[in-house]
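K.L.:
The structure follows.
The values are calculated or read from the model by the stated rules, or taken from the named source; none is laboratory data. As the structure is a computational prediction, the values presented were derived from the model and not from experiment. As a convention, Cβ positions derive from the backbone with ideal geometry for all residues, glycine included, and neighbour counts pool all protein chains shown.
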Amino acid sequence: MRIRKVVFPVGGLGTRFFPITRAIPKEMLGIIDKPLIHYAFEEAIAAGIEQFIFVTRHGKDSIEDYFDFMFSHSEYFDIKMGSVCYVRQNEPKGLGHAVLCAKNLIGDEPFAVMSADDFILHTKSCIGAMIENYDGSNMVATMKVAHSEVSKYGILDVESENGRLIKAKSVDEKPAVEDAKSDYAIVGRYLLSGKIFDVLSELKPGVGGEIQLTDALLKMIPQCGLTGFKFEGKRFDCGSKSGLLAAVLHVASQNEKLKDVIENFYKGEKR
Ligand code: UTP
């Protein structure tokens, strides 16, 4: 099924990175020479997506400035005029609320959502692989996490598994460790039915007082199902300091000009 549009929710506060995120958006934190949002944008382009919607807010102008530069230099991104829009989220009321802010720019067609702080290194494009397997239900990227970590994530209750696809019978946002139905966590790649906007606009705040996208996915299971896609490749949680550090080290270790720096650093530490 064709997916033409992507939403990049970039309206979060990034409290785990205070104080730097008081002045620099989390999505602009760098992995060597490119910000996180650049990698997510490349992943969307590689998936054949044509329209790019950023849900932004006060203090996030550097994202717009960055892409102004990128779009005027075709060696970075050669995209059609008018294919990028910015819509404001006036208050950070949660990921579900951020997605709802894009309603008028999406209409009722299925669309992608990508959180730039989930940095995924895939042989091609994680969201592209999801699109290849998309059947019209709501679909989320999923991976197994350590059981002790489940309360950081939306967790799938698995009905059946078939290759990379999981059919979920339920989903729970940030369950207590003892209540989690599996270790399959949702990470920040989604393909959503346009019907989700009706559900999101009726939702009451959930965990953390935020409008939770996971709650909308749960409500929609009877009407359109929920599929987990077990993606291949490596994912780094760059919403956390340890995840961002691991991503930087990983990318540097793969770079011919930088890998010696890392090796020498560890040799020096051992001396
Ligand atoms: P997070 O749950 O990581 O929240 O958001 P956060 O505010 O960015 O970071 P912390 O937890 O305070 O450190 C996941 C994704 O949803 C977006 C974020 O920008 C991130 O891409 N988001 C979150 C919004 O766009 N709006 C919101 O109100 C909340």
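K.L.:
Can you pull out the residues in region 143-164 that are in contact with a helix residue (DSSP H, G or I) (Cβ under 7 Å, 6 or more places away or on another chain) and within 23 Å of Asn133 (Cα to Cα)? Quick ask: steps written out before the conclusion?
P.N.:
Filtering region 143-164 down to residues in contact with a helix residue (DSSP H, G or I) (Cβ under 7 Å, 6 or more places away or on another chain) leaves 147-148, 150-151, 154.
Residue satisfying the conditions is Gly154 alone.
K.L.:
For region 19-61, which positions are closer than 17 Å to Ser240 by Cβ and of a type in the set (S, T, N, Q)?
P.N.:
Hit for region 19-61 is Thr21, nothing else.
K.L.:
Search region 1-31 for residues being in a helix (DSSP H, G or I) and without any contact (Cβ under 8 Å) to a residue 60 or more places away in the chain, and hand back the single one that is nearest to the ligand (Cβ to nearest atom). Working first, answer last.
P.N.:
Keep residues of region 1-31 that are in a helix (DSSP H, G or I), which gives 15-17, 20-22, 26-28.
Subsequent filtering for residues that are without any contact (Cβ under 8 Å) to a residue 60 or more places away in the chain retains 15, 20-22, 28.
Working: Thr15: 3, Ile20: 11, Thr21: 7, Arg22: 12, Met28: 11 Å.
Per the criteria, the residue is Thr15.
K.L.:
Looking at Leu203, Leu226, which is the one that is out of contact with any strand residue (DSSP E or B) (no Cβ under 7 Å at 6 or more places or on another chain), at pLDDT 95 or above and not hydroxyl-bearing (Ser, Thr, Tyr)?
P.N.:
On the way: Leu226 fails: out of contact with any strand residue (DSSP E or B) (no Cβ under 7 Å at 6 or more places or on another chain).
Of the residues listed, the single one that is out of contact with any strand residue (DSSP E or B) (no Cβ under 7 Å at 6 or more places or on another chain), at pLDDT 95 or above and not hydroxyl-bearing (Ser, Thr, Tyr) is Leu203.
K.L.:
Then there's this: Hey, any hits in region 95-116 for a residue that's over 29 Å from Met1 (Cα atoms), part of a loop (DSSP other than H, G, I, E, B), touching a residue at least 40 places away in the same chain (Cβ under 8 Å) and near the ligand (Cβ under 9 Å from one of its atoms)?
P.N.:
If we filter region 95-116 for residues that are over 29 Å from Met1 (Cα atoms), which is where we start, we get none.
So far as region 95-116 goes, no, none of its residues is over 29 Å from Met1 (Cα atoms), part of a loop (DSSP other than H, G, I, E, B), touching a residue at least 40 places away in the same chain (Cβ under 8 Å) and near the ligand (Cβ under 9 Å from one of its atoms).
K.L.:
Taking region 11-59 on its own, how many of its residues are of a type outside the set (A, V, I, L, M) and out of contact with any Lys or Arg (no Cβ under 9 Å at 6 or more places or on another chain)?
P.N.:
12
K.L.:
List every residue pair whose Cβ atoms lie under 7 Å apart, where the two residues are 6 or more positions apart in sequence or sit on different chains, the first residue falls within region 77-91 and is farther than 16 Å from Phe41 by Cα, and the second residue, located anywhere, is among the small types (Gly, Ala, Ser) and within 12 Å of the ligand (Cβ to nearest atom).
P.N.:
Between residues of region 77-91 that are farther than 16 Å from Phe41 by Cα and residues that are among the small types (Gly, Ala, Ser) and within 12 Å of the ligand (Cβ to nearest atom), the close pairs are Val87/Ala102; Gln89/Gly11; Gln89/Ala98.
K.L.:
Now, a different point. With the structure loaded, tell me whether Ile37 is within 14 Å of the ligand (Cβ to nearest atom), outside any strand (DSSP E or B), within 17 Å of the chain's Cα centre (by Cα) and at pLDDT 95 or above or whether it fails that test.
P.N.:
yes
Rundown of residues vs (1) surrounded by fewer than 23 Cβ atoms within 10 Å (Cβ to Cβ); (2) closer than 14 Å to Ile131 by Cβ; (3) at pLDDT 95 or above, yes/no style:
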| residue | (1), (2), (3) |
| --- | --- |
| Arg2 | yes, yes, no |
| Val7 | no, no, yes |
| Phe17 | yes, no, yes |
| Ile20 | yes, no, yes |
| Glu43 | no, yes, yes |
| Ile49 | no, yes, yes |
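K.L.:
Here's another thing I want to ask about it. What tally of residues in region 60-76 results from selecting those that are among the charged types (D, E, K, R), farther than 20 Å from Ile45 by Cβ and away from the ligand (no atom under 11 Å from the Cβ)?
P.N.:
Matching residues across region 60-76 total 1.
K.L.:
Another question, then. Hey, among Ser170, Ser151, which residue is away from the ligand (no atom under 16 Å from the Cβ), modelled with pLDDT of 95 or more and not aromatic (Phe, Trp, Tyr)? Give the steps one after another, and end with the answer.
P.N.:
Details: Ser151 fails: away from the ligand (no atom under 16 Å from the Cβ).
Exactly one of Ser170, Ser151 is away from the ligand (no atom under 16 Å from the Cβ), modelled with pLDDT of 95 or more and not aromatic (Phe, Trp, Tyr), namely Ser170.
K.L.:
Further, regarding this structure: So which residues in region 149-174 are basic (Lys, Arg), more than 19 Å from the chain's Cα centre (by Cα) and buried (at least 16 other Cβ atoms within 10 Å of the Cβ), if there are any at all?
P.N.:
Within region 149-174, just Lys167 meets the criteria.
K.L.:
Looking at Val177, Val113, which is the one that is at negative phi and within 17 Å of the chain's Cα centre (by Cα)? Please lay out each step first, then the result.
P.N.:
Details: Val177 fails: within 17 Å of the chain's Cα centre (by Cα).
Answer to the selection: Val113.
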